[in-house]
1. So I343 passes all but one of these: (1) modelled with pLDDT of 90 or more; (2) in contact with a Phe, Trp or Tyr (Cβ under 8 Å, 6 or more places away or on another chain). Which condition number does it fail?
2. Cβ-Cβ below 8 Å, separation at least six or inter-chain, first residue in the stretch 217-236 and over 19 Å from R409 (Cα atoms) and assigned to a loop (DSSP other than H, G, I, E, B), second polar (S, T, N, Q) and modelled with pLDDT under 95: which pairs?
3. How many of the residues in the stretch 13-64 are within 30 Å of E208 (Cα to Cα) and not aliphatic (A, V, I, L, M)?
4. Report whether or not A275 is crowded, with 24+ Cβ neighbours inside 10 Å and within 18 Å of G394 (Cβ to Cβ).
5. Filter the stretch 284-325 down to the residues that are of a type in the set (D, E, K, R) and surrounded by 18 or more Cβ atoms within 10 Å (Cβ to Cβ), then identify the one that is farthest from K135 (Cα to Cα).
6. What pairs can you find where one residue is in the stretch 123-148 and in a helix (DSSP H, G or I), the other is surrounded by 24 or more Cβ atoms within 10 Å (Cβ to Cβ) and of a type in the set (K, R), and their Cβ atoms are less than 7 Å apart, with a gap of 6+ or different chains?
7. When V98 is evaluated against the numbered criteria (1) among the β-branched types (V, I, T); (2) surrounded by 19 or more Cβ atoms within 10 Å (Cβ to Cβ); (3) more than 22 Å from N18 (Cβ to Cβ), which criterion, by number, is the only one it fails?
8. Counting only residues that are buried (at least 24 other Cβ atoms within 10 Å of the Cβ), of a type in the set (A, V, I, L, M) and out of contact with any Asp or Glu (no Cβ under 9 Å at 6 or more places or on another chain), how many does the stretch 326-344 have?
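The values are calculated or read from the model by the stated rules, or taken from the named source; none is laboratory data. On a predicted model such as this, the values are computed, not experimentally measured, just so you know. Here the Cβ positions follow ideal geometry from the backbone for every residue, glycine too, while neighbour counts run over all protein chains shown.
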Amino acid sequence: MTGRDPSSPAVRLGLRENAGQFSLLVLINAFVGGMVGLERTVVPLVGSQEFGLVLRTAIFSFIVSFGVVKAFSNLASGALADTFGRKRVLVAGWILGVPVPFMIMLAPSWGWIVAANVLLGINQGLAWSMTLLMKIDLVGPRGRGLAVGLNEFAGYLAVGLTALATGYLASAYGLRPEPFYLGVGYVVLGLLVSALLVQDTGEHIRLEMVPYAPEPDTLSFREVFAITSLKDRNLFACSQAGLVNNLNDGMSWGVFPIFFSAFGLGVGRIGILKAIYPVVWGLLQVATGPLSDRLGRKWLMVGGMWVQAGGIFVTVVGRNFAWWVLGSILLGLGTAMAYPALIAAVSDNSHPSWRARSLSVYRFWRDLGYAVGALSAGIIADTLGLSIAIGSVGLLTFLSGVIVAVSMREKRQL
């Protein structure tokens, strides 16, 4: 990646030692998260109100396309990062995201929005993966939870604030095009900062590998996939919990706006509810990420899945705005507990030489949950109703926490 000696004093691990680059990557991930926030409030309503889609499975097709493409982009991102370097993959992710806001705001048919979400999935799979990997590279093994927490804080706070802003803009000006002008700013700034100011982290990776004994054989991607998905009990626990975490997020993304609208809630107040969940999720990860460094990952993961389940049950049982606010807060709290601990646990249980690929496999399973959640929730909603769709995802989330409690063994950092 570069020929400079990794033992040089210019290359050091740690948040303080790399504060400038770390801060840039936090800012970039806020732009990445904002791109997803564009869709949280408005796009499901565009499908039902502007294009007249009735079947939930048809409305949620944009989430399915996003989730499948993002999952496979995540899967490829680790190998691409190892081959071409983190920065080049980050810039490529932004280039592919440039058409997205224009396609959504100008779409003459629902197929255009589904196609835009294919590009959005690639943008998110490459750009979010790289900002995360580069932060982990910079801080080293002692600060992984904090690095992940700050990364996810920036991304999901931006998701929530953008969902709130688009809800306000939609209530004031209409569903399109005004809410999506924000996206134009995000892609321009994200691309420029990534291309002009970010530096690659290859030397930091080599510096971290110095104390490690070399692995006897280089693991193939197929072996890393098998280890992360099933063979290692800790990595399996993380992979299934990640999938279920984003399964319930995919359900809430598609189902909740329509569920709230069915009770007469306007787009402005739906925007508030859709903002609370990711804002709470984003803000609290500043605390829960480093907390997992001190207390361990396992029980934050277990508790987080169970609190998420509680938030989902409160939402489906409640029948007014106050109960839905409480459900959104609980969903955000539970996700904040589990999310950074899951990523940090995958990093703990993978060797630096194949960590990028292991994280890409974990993120493949996690973001495949968007597609699984949206598709399954759409089918259940069309056959049994919205409430049953929401409740079934809550039960699955609770059971995922049980699997982590039973199968995972805590691995503490020295």
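1. It is condition (1) that I343 fails.
2. T218/S353; L219/S353
3. Residues meeting the conditions: 11.
4. no
5. It comes out as K298.
6. Within 7 Å, the pairs are Q124/K70; G125/K70; S129/R363; M130/R86; L133/R86; M134/R86; I136/R144; A147/K135.
7. If we test V98 against (1) among the β-branched types (V, I, T); (2) surrounded by 19 or more Cβ atoms within 10 Å (Cβ to Cβ); (3) more than 22 Å from N18 (Cβ to Cβ), just (2) comes out false.
8. So the count comes out to 4.
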